[in-house]
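Written out below as structure tokens is the structure these notes cover.
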Amino acid sequence: MNSKTERLSTFVKELRADLALTQGQLAKRLGISRPAVSLWEAKVGLPDTNNLQKLAALKGWSVEDLQLFLNEGKLPAEDPVEKLLTHVRSLPVEAVARVVQEGAQILALALSHGEGINSRS
């Protein structure tokens, strides 16, 4: 597997399998036609940037991760903190502010009890 369209085909097929979706169901989630998904799986054509972003998000990847995979075949890092940060970076500013606020509260509570963060139940 060495072409962009081959890697996309594999990615879409595996994504559908992971999410237990038909081509039609995936198309509906993306807001596109089922034949578009079929063409990607048949190695004919590539999605536009908007659909690349949606596909990446469904996989829990950043669009940069997906583009790196499609262009070079490199999988994103499996570090859970990096995966979390990648997801946070894709959120709207208001959502990031909420994540920061919640994280600060958790950290303050843990430190006030002389605990490490992982010991919080």
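The values are calculated or read from the model by the stated rules, or taken from the named source; none is laboratory data. Remember, predicted model here, so these are calculated numbers, not experimental data. Glycine gets a Cβ as well: all are built from the backbone with ideal geometry, and neighbour counts include every protein chain shown. The accessibility values were calculated without ligands, DNA or RNA, using every heavy atom of the protein model including side chains. Shrake-Rupley method; radii C 1.70, N 1.55, O 1.52, S 1.80 Å.
Residues being open to solvent by less than 40 Å² (accessible area, probe 1.4 Å) and closer than 18 Å to Leu66 by Cβ: count how many of those fall in the stretch 11-26.
Result for the stretch 11-26: 5.
Inspect all residues belonging to the stretch 1-8 and state whether any of them is under 13 Å from Phe69 (Cα atoms), open to solvent by 50 Å² or more (accessible area, probe 1.4 Å) and outside any helix (DSSP H, G or I).
Within the stretch 1-8 (the criterion being under 13 Å from Phe69 (Cα atoms), open to solvent by 50 Å² or more (accessible area, probe 1.4 Å) and outside any helix (DSSP H, G or I)), the answer is yes, since at least one residue qualifies.
Go through the stretch 31-43 residue by residue and tally those that are open to solvent by less than 70 Å² (accessible area, probe 1.4 Å), in contact (Cβ under 8 Å) with a residue 24 or more places away in the chain and either in a loop (DSSP other than H, G, I, E, B) or closer than 19 Å to Lys83 by Cβ (or both).
1
For the structure I just gave you, tell me whether Ser90 is on the phi < 0 side of the Ramachandran plot, within 14 Å of the chain's Cα centre (by Cα) and polar (S, T, N, Q). Walk me through how you get there before you give the answer.
Values: on the phi < 0 side of the Ramachandran plot: yes; within 14 Å of the chain's Cα centre (by Cα): yes; polar (S, T, N, Q): yes.
Spelling it out, Ser90 is indeed on the phi < 0 side of the Ramachandran plot, within 14 Å of the chain's Cα centre (by Cα) and polar (S, T, N, Q).
Exactly one condition in (1) among the β-branched types (Val, Ile, Thr); (2) touching a residue at least 12 places away in the same chain (Cβ under 8 Å); (3) open to solvent by less than 40 Å² (accessible area, probe 1.4 Å) is false for Val88; which is it?
The one condition Val88 does not meet is (2).
Let me spell it out: the conditions are (1) open to solvent by 70 Å² or more (accessible area, probe 1.4 Å); (2) more than 23 Å from Lys4 (Cβ to Cβ), and Leu46 meets all of them except one. Which number is the exception?
Checking Leu46 against (1) open to solvent by 70 Å² or more (accessible area, probe 1.4 Å); (2) more than 23 Å from Lys4 (Cβ to Cβ), the one that fails is (2).
Working only within the stretch 58-85, note down all residues that are of a type in the set (A, V, I, L, M, F, W, C), modelled with pLDDT of 90 or more and either open to solvent by 50 Å² or more (accessible area, probe 1.4 Å) or over 25 Å from Leu39 (Cα atoms) (or both).
Leu58, Leu68
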